[in-house]
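Written out below as structure tokens is the structure these notes cover.
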Amino acid sequence: MCPDADAASARALVLVRELTAHGVAVDWTARCHDGCHGGGLFTHLHPPTRIDGDPDGATTATWRDAFFPCRCVHRRGPGFVEVRDRRSGALEVVTIDEPEHLAAVVAATEGVATDLVTAEVRDDLVGARLVVERAGRLWWLPTRAYRWPFPALIV
């Protein structure tokens, strides 16, 4: 799978995202053309077994060493989505409560055509590193928090 390629690869990453959310170890190979980290966008997903184009395994090892459960998660409440993101190292908490943004989040969970989301909402979500645009679609990145693996104040 390639985080930076076609829609089929992006859909496969949705599967990796969902399995990661459930705590399932995933045996997958990342095929990257311009770097798998994508600025750290994907490091919250269960690390790949190997990355094509990483002959010495350094990028794979870095991803594996940096991975931990709930690195970038979201939870839904009535009228809001809260995201806790530690991909940059520090905890960033984002609360999404505007109806247009919430609709875009729900649509992007399985991928939505880029032109179906207004430019303002798209720019907000991409700028916050919560969605990624691939193959003409927006894809939601944070995993869902089904249960906290640590005490809530740590996550």
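Residue under question is Phe42, and the condition is that it be in contact (Cβ under 8 Å) with a residue 60 or more places away in the chain and not in a strand (DSSP E or B); does it hold?
So Phe42 fits the description; yes.
Restrict the check to the stretch 21-34 and report whether at least one residue is open to solvent by 30 Å² or more (accessible area, probe 1.4 Å), of a type outside the set (A, V, I, L, M), under 16 Å from the mean Cα position of the chain (by Cα) and modelled with pLDDT of 75 or more.
yes
State which residue is nearest to Glu82 (Cα to Cα) when the search covers only the stretch 107-126 and only residues that are open to solvent by 60 Å² or more (accessible area, probe 1.4 Å) and within 15 Å of the chain's Cα centre (by Cα).
In this case the residue turns out to be Val126.
So is Gly79 open to solvent by less than 60 Å² (accessible area, probe 1.4 Å), out of contact with any strand residue (DSSP E or B) (no Cβ under 6 Å at 6 or more places or on another chain) and farther than 22 Å from Ser9 by Cα or not?
Yes, satisfied.
The values are calculated or read from the model by the stated rules, or taken from the named source; none is laboratory data. Everything quoted here is computed from the prediction, not taken from an experiment. Methodologically, a virtual Cβ is constructed for each residue, glycine included, from the backbone with ideal geometry; neighbour enumeration extends over all protein chains shown. The protein model used for the area step is the full one, side chains on, heavy atoms only, and it has no ligands, DNA or RNA in it. Shrake-Rupley method; radii C 1.70, N 1.55, O 1.52, S 1.80 Å.
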